[in-house]
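The values are calculated or read from the model by the stated rules, or taken from the named source; none is laboratory data. Being a predicted model, the structure only gives us computed values, none of them experimental. Cβ placement follows ideal geometry from the backbone for every residue including glycine, while neighbour counts extend to all protein chains displayed. Accessible surface areas use protein heavy atoms only, side chains included; no ligands, DNA or RNA. Shrake-Rupley method; radii C 1.70, N 1.55, O 1.52, S 1.80 Å.
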Amino acid sequence: MRFPHDTHTHTVYSDGIGTVSDNIAAAEEKGLRVLAITDHSHYLEPKTLNRYVREVRQWAEDSEVVVLAGVEGNITENGVDVPTFMAKKLDFVIASVHEYLETPGQYLELVKIALMDEEVDVIGHFGANFPYTGFPGTEEIGEILELAEANGKAFEISSRYNVPELDFVRECIRRGIKLTLASDAHTPGDVGSVGWSESVFLKAGGKKEDLLFEEFL
């Protein structure tokens, strides 16, 4: 891999089956330079959050991999469920849609909420709902890109869901919207499985400076 990093993985702190140390060991074995632990926000009560961040930081000290402490929040009609006190303890926040929706318009309205949330850094698996809701039009996608550009948000390229589409990634690069490579791993064996993500990124003409965590790569 030219840009060996994985910015979306889960552990036993949420719905993953490996420990923080398991994910880091897998990242070391696969030669990653950057790994993010990003468990689901709704599992992390205040006391659990402190233990979670402390464990990530402690294991990171003994690793040659840059290990980031993040979280994946849920986007709902009431906002992203990552409060400020949580975001302040973390390196970055992913926000994703996880609920069932009937139309692409409903999906995009939720994404807009996250794009205007100051605590959010990255939109997770953008477009994963489209095969079920239908695909939005070019103008609607343009509105999303404009909001992301205006608010300094990034998008992940998800190897778990094979999204977003190549043209969307190309447009992100053209506009200077940062991108990440993401496995969305829920097992240590899937950590670093971002081959599809990097392939799309390179096909779109992506370079290191187009990645959110370029300084670590």
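Observations on the model:
- Condition broken by SER199, with the remaining ones in (1) under 15 Å from the mean Cα position of the chain (by Cα); (2) more than 25 Å from GLU139 (Cα to Cα) satisfied: (1)
- Cβ-Cβ under 9 Å pairs, at least 6 apart or on other chains, region 23-51 side over 18 Å from LEU211 (Cβ atoms), far side among the charged types (D, E, K, R) and open to solvent by 90 Å² or more (accessible area, probe 1.4 Å): ILE24/ASP62; GLU28/GLU64
- Single condition ALA60 does not satisfy, out of (1) more than 14 Å from the chain's Cα centre (by Cα); (2) open to solvent by 40 Å² or more (accessible area, probe 1.4 Å): (2)
- Residues that are open to solvent by 30 Å² or more (accessible area, probe 1.4 Å) and more than 22 Å from GLU139 (Cα to Cα) within region 78-102 comprise ASN78, ASP81, PRO83, THR84, PHE85, LYS88, LYS89, ASP91, HIS98, GLU99, TYR100, listed in sequence order.
- The condition of being touching a Lys or Arg at 6+ places or on another chain (Cβ under 8 Å) and closer than 16 Å to PHE126 by Cα holds for ASP184.
- One residue stands out in region 145-199 among those that are under 17 Å from PHE135 (Cβ atoms) and assigned to a loop (DSSP other than H, G, I, E, B): the one that is least open to solvent (accessible area, probe 1.4 Å), namely PRO164.
- Residues of region 1-21 satisfying the condition of being within 30 Å of GLY206 (Cα to Cα), open to solvent by 50 Å² or more (accessible area, probe 1.4 Å) and touching a strand residue (DSSP E or B) at 6+ places or on another chain (Cβ under 9 Å): MET1
- Applying the condition of being within 17 Å of GLY195 (Cα to Cα) and among the small types (Gly, Ala, Ser) to region 22-45 and asking which residue is surrounded by the fewest Cβ atoms within 10 Å (Cβ to Cβ) yields GLY31.
- First in region 73-89 and small (Gly, Ala, Ser), second anywhere and in a loop (DSSP other than H, G, I, E, B) and buried (at least 18 other Cβ atoms within 10 Å of the Cβ), Cβ under 7 Å, 6 or more apart: GLY73/VAL82; GLY79/ASP117; ALA87/GLU119
- Qualifying positions in region 103-125 - in a loop (DSSP other than H, G, I, E, B), surrounded by fewer than 19 Cβ atoms within 10 Å (Cβ to Cβ) and either modelled with pLDDT under 95 or not polar (S, T, N, Q) (or both): MET116, GLU118
- Selection status of GLY205, assigned to a loop (DSSP other than H, G, I, E, B), in contact with a Pro (Cβ under 9 Å, 6 or more places away or on another chain), open to solvent by 10 Å² or more (accessible area, probe 1.4 Å) and not β-branched (Val, Ile, Thr): no
- Of VAL163, VAL169, all but one fail to be under 13 Å from the mean Cα position of the chain (by Cα) and within 19 Å of GLU143 (Cβ to Cβ); the exception is VAL163.
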